[in-house]
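Just below is one structure, and these are the notes that go with it.
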Amino acid sequence: MNLKNLFLTFLTITLLGSAAHSQTIQDYVEEHTDHAQELMREYDVPASVILAVAIHESAAGKSKVARHLNNHFGIKGSNNNTEISSSYRDYESADESYDNFVEVLQNKSSFNKLFDKCDQYDYAAWAKGIQRGGYAASRTWAKQVIAIIDKYELYQYDDRPSDYTEPVKIVPVVKKAHYRAHSRKRRHNASRIYTVRKGDNLNRLAESHGTSAKALMRKNGLKRSALQPGQKIRF
């Protein structure tokens, strides 16, 4: 090969590498949507989830393991690649990596229950279930995957029926329940404070509240039983 041809070959490789690095997420989605949808229709895993996990784990195909090993889902295993040293397995093609991702979901006990439990259009439930199954150590992994789906509207590839309604997101009510209990307690406490009226008698007040005058005097720090209008008595 002469110098000119060698230079042209080098230039072509460089340009191809630059093109791969400049690929946008939308380019990535357009390239892999068809296969993601094929898997969705065969196995009922939302295409949006498949695409979003691949985008997250492979940096939309720009990561080293994606470029050198065709590994788009961060799945570990042995490889024969000599260009990089990696603990991730290699694939013949990106499609094979996509296929293996769904196989992992099907064959691993911590994931396969999702196929019966999750609505095939409920991408949030799938993402959270995959995280709970131990797919990633990060506690925010599912949120990040869901954010990718929402940002790039990947749910449009899930073949949702026109009348599909997303499941209502349940908001934890523990704090509200605690607040209500606290409010009831405050109202209960407030109701036990009595403002003395003209003509009130400590003995009659005590009797009406099921206690004694002496007990009320001790509770309120009173030295005598005589009451004055406007005085506060705590029961």
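A few comments on the model shown:
- What the pair-distance distribution of the range 65-169 shows, using all Cα-Cα distances binned every 10 Å from zero, is 13, 38, 36, 11, 2, 0 percent.
- Only Lys, Arg, Asp and Glu carry charge here, each on its Cβ (+1 for the first two, -1 for the last two); on that basis the range 69-117 has a dipole of about 400 debye about its Cα centre.
- Centroid-to-centroid, using Cα positions, the range 48-113 and the range 142-160 are 19 Å apart.
- Label-point separation in nm, THR24 to GLN156, each point 7 Å along Cα→Cβ: 1.3 nm
- When the C-alpha to C-alpha distance is required to be over 21 Å, the pairs from LYS117/LYS143; LYS198/LYS232; LYS113/LYS151; LYS62/LYS151; LYS76/LYS108 that qualify are LYS113/LYS151.
- Remark: the range 3-157 carries a charge dipole of roughly 780 debye about the Cα centre, counting +1 on each Lys and Arg Cβ and -1 on each Asp and Glu Cβ.
- Cut-off under 5 Å, modelled amide H: who pairs with TYR88 long-range: GLY77
- The phi-based Karplus calculation (6.51 cos²θ - 1.76 cosθ + 1.60; θ = phi - 60°) puts the 3J(HN,Hα) values of the range 153-161 at 6, 5, 4, 5, 9, 8, 6, 5, x Hz, whole numbers, x for Gly and Pro.
- In the distance distribution for the range 21-119, Cα-Cα pairs more than 24 Å apart total 21 percent.
Read-outs throughout are calculated quantities, based only on the coordinates presented, and are distinct from any laboratory measurement. Values in this document were obtained by computation on a predicted structure and should not be read as measured data. Glycine gets a Cβ as well: all are built from the backbone with ideal geometry, and neighbour counts include every protein chain shown.
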